[in-house]
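Step one of this worksheet: look at the structure below.
The values are calculated or read from the model by the stated rules, or taken from the named source; none is laboratory data. Because the structure is predicted, anything quoted here is derived from the model rather than measured. Here Cβ is always computed from backbone atoms with ideal geometry, including for glycine, and neighbour counts include all displayed protein chains. When the accessible area is computed, the model is the full protein with side chains, heavy atoms only, and any ligands, DNA or RNA have been set aside. Shrake-Rupley method; radii C 1.70, N 1.55, O 1.52, S 1.80 Å.
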Amino acid sequence: MKFGVNIPFVHHLGFDLVLFENGLSQIDYEPLPEHMNSYAVAHGGAVMTLLDVSMATAARSVTPELGVVTIEMKTSFMRPSRGKLSGKGRLVHRTPTMAFVEAMVYDAQGHACAHSTGTFKYVKRLPVGAKSTHPLDTISTD
């Protein structure tokens, strides 16, 4: 559990956590054929997941004992995402309960492919192996 928690979808996509410190994150990702769209480039949903997880990881890097949930995110696609990708997240501002974050996805040549901003809510993490029987809004840090 390199991410500190078990995230089956992240594991399925093959994300590799490279940086997790001081409000910064980097996640490398090599899309598989089943992650492509009809133009043979990484599907926008896979790219958005990389952006989302990069932002969440940057937010968690300053308080790894807490989890985060996405409240909102805005994404701009600037060029096709081809080959090995790298998502780089940065915590812009935080309050006791919220994180304001941005992330960029780069291709192997260093070209910016997509950019996202997001707002995340800090929540208590479940103990390792625990199963929640409550909706997320019942485990907030408020």
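Here are a few things to note about the model shown:
- Selection of region 66-93 for residues being open to solvent by less than 80 Å² (accessible area, probe 1.4 Å) and touching a residue at least 60 places away in the same chain (Cβ under 8 Å) yields 66, 67, 69, 86, 87, 89, 91.
- In region 101-116, residue farthest from residue 29 (Cα to Cα) [restricted to those that are open to solvent by 30 Å² or more (accessible area, probe 1.4 Å) and in contact with a Ser or Thr (Cβ under 6 Å, 6 or more places away or on another chain)]: 102
- Of the residues making up region 10-33, those that are among the hydrophobic types (A, V, I, L, M, F, W, C) and in a loop (DSSP other than H, G, I, E, B) number 2.
- Residue, farthest from residue 98 (Cα to Cα), within region 2-58, restricted to residues that are aliphatic (A, V, I, L, M), open to solvent by 20 Å² or more (accessible area, probe 1.4 Å) and over 15 Å from the mean Cα position of the chain (by Cα): 40
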